[in-house]
Each structure stands twice: as structure tokens, then as C-alpha cells.
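Notes follow once the structure below has been shown.
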Amino acid sequence: MIVLYLTFLGGDSQGQRIAAAAYLKNFTRRNVGSQSPDLRVATEFKDHLLRTLLQAEPAVLKVLVEVFRTIAVAEFVEQNSWPELVPYLQSAIQNSSLINDGSNREWDTINALTVLQALIRPFQYFLNPKVAKEPVPPQLELIVKEILAPMLVVLHQLVEQVLSMHGRTGLEVDKILLIICKCIYFSVRSHMPSALVPLLPMICHNLIELLGSLSFDTVALEDGYNLRLKAGKRSLLIFCALVTRHRKFSDKLMPDIVNCALKIVRYSVNMARLNFLSERIISSAFDVISHVLETGPGWRLVSPHFSFLLESAIFPALVLNEKDISEWEEDADEYIQKNLPSELDEISGWREDLFTARKSAINLLGVISMLKGPPMGTSSNASSASSKRKKGEKNKRNYQCYSMGELLVLPFLSRFPIPSNTTASESKILHE
């Protein structure tokens, strides 16, 4: 492995360096980890690997970070070894090119954060799913305490920069925002590291401000802005994880999270002219509301907005638009698969695989429809009963509970009559 690594270092062209990195990646996958559980990678090699990762060009970094991930999973995640890794990475980030006034120009900040992302990513899943209540892995606690928690100050500064410059920031800023959002998501998707608990209000505040800086009125194609859209989508996934997994810590944050999602879903009216990333954000905002509705405080937080959701968010997402017509003409089967839910029986606030604003809106409509409405009281023979009532006898009422589908959704949909010329339409389709 050292020989391969030295060959990689001595490459004269980018193509040669990428080829050497790919060869090293394949070699590492075959010889490190589950295939050879007793094999230990030399400390010298790991040190060289980290130094190269901090200086590699983006095309080489993309391949070489997979070498690091394989080794990190085998030694750090699964066996809790490699004790030098976290202190080294912490120092590298703190002294990198864009942090601490760029004291070390050779260590690239984005490279260092990319390594951090690769290190945290395996912890997004439970390491031992068979354990009923798996504790937070000590490795994740260490990473969050020593590296990620201090980086939240950088997140706040960058969000403030985005707001002050009205979204016109450099590509590097948007890359860092996206990587930090990914690291937060991987940290809380399954576990809740103790160092993050007191910082959750600040995290949510910054993510809400970041989402508020996005525009859904026009199609933005710049690379930097697309990166910020990805960071916005990841922010909403963080909210879903907090609501789903960590109610104990997120209940007080839900009102702000709901208000943020409500501000986003109203842009479903612009869905026909939005790009895929913008639509994914609207889809994720619908999912956040569905998640909240499945919790105890959900009814209290969302029910005052049911009429707004139906008229200004869900229904506009379902209305046929110009994009629908063009996509239908291109490929009808693909259009149906993309826009209609595959299993209508699987309506749930916990769905995470919907991907389009229309599917998420349909799912939210189903979640609202299945909610139990407030009890409706009906008095039986009220006047005669009151005249014959004995002293101290209470009024007897029969209470009947209707679903919100009966109370709200069906009356709303009944405002739009079914076309009467269905026979003519069917014959027209048959002739075509």
C-alpha cells in the first residue's frame, strides 16, 4: 500500500493521480475491513493519507476520500481505534485556509470538512440495530464535542454573511454551508450527541434563516446557488429527524419549524417554473408538516393552518400545469410514476421517499384527512328532556367524532365539480 501511495504522490498529470487514487481505493476495499478484520493499516500510511487529503485537488479528493472512509469505518467506527484521528482533524480544520485567518494555506478548509463528513457519515445509522436503545457511540460524541460543535460558530457566521449580502456569496461559502448541514444531519438522524442538545435552538435558528434566504420565484442555475438549495433541503431533513427521533428535545422548537415550512409550501404555486432542487425543498417542507402532524403537539400547531394549506399549498401543487403537459407528452408512464403515489394505502406522516412536491402534497392531504376532528355534540330531545330533568341531573349529549376528511377535505374538494363531458373525453382518447 505504501508503494501505491508513493506512486500516487509522484504523479505528473491529473489523470495519472486520479488513476492512482482509484487503484488505491479498489485495493483498500479488497484488503481492509470485513474482508480482513485482523489487518491493521500502518500509522505512517494513515498520516500520509490525511496530509494528502488536506491538499488534494477536488477531482482527486473525490476518489481518495473513499480510501479514508473505508479505513475509518474499519478502525475508528467499528473498533474504536485510531485515537490520533480526531485531534489531527480538529487541528487541521482550525488551522485551514478559510478558518483562523488562513494561518495554513496548504490545508484546504473544504477538503478538511469533506474528511469530517466522511468520518461522521457512518454514524447516521445505528451501529447495532438489534439493541433496543442503542446509546450514542462514544466516537460520535467525541467528534461532535471536539469538532462539529465548535464549527456551529462558523455556520452562524456564514448564514449572517448570506443574509447581509442578500445571497450573493462565493462558491466556497456555499460548499461549507452544505457540508456542515450534512454533518449535522448525519449526527442527529439516529442519535443525539449530548454536545448538540444545548445548541439545538441556535442550529434551528440558523437553518431557518438560511431557508428564509432562498428564492422560489425564479429558476437559479448558478452552481453556488444550487449548493445553497441543497443545504436548504438538508436543513429540512434535519427538522424531520428532530421531529421523528428526538421529540424530547424538539417540542419547543416545533412552532418555529412549522412556521418555516408553511412559508415554503406556499410557493407550490410556482412549481411549474422551478428546477428540481427547488421543488425538492417544497416537497421536504410538506414532509416536515406531515411529520409534525404525527406528533402530540401536531394538531395544536398545524390545525389553525388547514384552510391555508388546502387552498394555497396542497391544491396548487395538484393542479395541472404546463410542465405536466410536456412531461406527459414525452413519457406518460414516467410521468405517472413521478407524480402519483405508488401505494395509496401507505399514507403516513413518516414517509421519507416521496421526492416530488406533488407526492408530498398528496401524502399530507391524506394525513390531514385521516386525523380525527373535534368531537361534535348533538342534543337529543333537548326541550322535553330539560323539562323532565330531575334536580342535579346533567344534560346528556351524544358525541360523534368525524375525520378531518369528512369535515374539511371533502367539502373543499366538492367546490370543484367533476366534468360532465367524461364520455366525450373518453371517446376522444380512444380515437387518438
Just the projected area, averaged over all directions, of the convex hull on the alpha carbon atoms of segment 37-194: how many nm²? 10.0
Suppose each label sits 7 Å from its Cα in the direction of the beta carbon; what would the N80-A332 distance come out to in nanometres? 6.0
In what sequence, highest mean first, do 363-372, 49-58 appear when ranked by Cβ atoms within 10 angstrom? 363-372, 49-58
For segment 267-282, take each phi angle, set θ = phi - 60°, evaluate the Karplus expression 6.51 cos²θ - 1.76 cosθ + 1.60, and give the result in whole Hz per residue in order, putting x for glycine and proline. 7, 4, 5, 9, 4, 5, 10, 8, 7, 4, 5, 5, 5, 4, 5, 4
Using θ = phi - 60° and the Karplus relation 6.51 cos²θ - 1.76 cosθ + 1.60, list the HN-Hα couplings for segment 155-164 in order, rounded to whole Hz, with x at every Gly or Pro. 4, 4, 5, 5, 5, 4, 5, 4, 5, 5
If we count other beta carbons within 10 Å of each Cβ, what is the order of Y125, Y23, Y88, fewest first? Y125, Y23, Y88
Nonlocal amide H pairs with Y402, under 5 Å, H built at 1.01 Å: G373, M376
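Would you mind checking K25/K233; K175/K230; K182/K230; K182/K323 for any pair whose Cα atoms are more than 21 angstrom apart?
Numbers: K25/K233 30 Å; K175/K230 10 Å; K182/K230 10 Å; K182/K323 31 Å.
Pairs exceeding 21 Å: K25/K233; K182/K323.
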The ³J(HN,Hα) series, computed from each phi in segment 247-264 with the Karplus coefficients 6.51, -1.76 and 1.60 at θ = phi - 60°, rounded to the nearest Hz and given as x for glycine or proline, is 4, 4, 9, 9, 4, 6, 8, 4, x, 5, 5, 5, 4, 4, 5, 4, 5, 7
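Per-residue counts of other Cβ atoms within 10 Å, averaged by peptide: what ranking do you get for 280-292, 199-211, highest first?
On the way: 280-292: 26.8, 199-211: 18.6.
Ranked by mean Cβ neighbours within 10 Å, highest first: 280-292, 199-211.
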How large are Rg and Dmax for segment 135-278 when calculated on the C-alpha trace, in angstrom? 15.2, 47
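A short reminder: the numbers here are calculations on the coordinates, not readings from a lab. A quick note: this is a predicted structure, and the numbers were derived from the prediction, not measured. All Cβ positions, even for glycine, are placed from backbone atoms using ideal geometry, and neighbour counts span all protein chains on display.
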